Amino acid sequence: MKTTVSSSIASSFADLALTTRVRSALKSDPRTRQSGIEVKCVDGTVTLSGEVRRADTALRAQQLALAVGGVDLVHTDIKWIPEMLIKV
């Protein structure tokens, strides 16, 4: 039982560290810095979600996430909302 708990805790810390690295990569890039894309990680699988104004922002976010060490797979649930549809 103790081993299961410790491996679960280790996995949670690894997910947290990976989430932090992916978020940092998104914040470091001018195209994704202000995007507000959400990042979740579970066992090396990253899920990106949110809404962006430009389709290339979603693509860039996926590329950046895949480039982070420890990321095995990226699911993208980012919706592209063209600027003309966004109410100001």
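Each reported figure results from applying straightforward, stated rules to the coordinates on display, with no laboratory input. All values derive from a computational prediction rather than experimental measurement.
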Fill in the blank from the handout: Rounded to the nearest 10, the angle in degrees between the Cα long axis of helix 55-67 and the longest principal axis of the Cα atoms of the chain comes to 20 degrees
Exercise for the section: On a 0 to 90° scale, report how tilted helix 2-28 is relative to the longest principal axis of the chain, with both axes built from alpha carbons and the result rounded to the nearest 10. Expected result: 20 degrees
Handout entry: GNM top mover of 49, 35, 12 - the chain, alpha-carbon springs below 10 Å
Key = 12
Fill in the blank from the handout: Cα-based Debye curve of the chain sampled at q = 0.14, 0.18, 0.24, 0.26 Å⁻¹ gives log₁₀ I(q)/I(0) of -0.51, -0.73, -1.10, -1.23
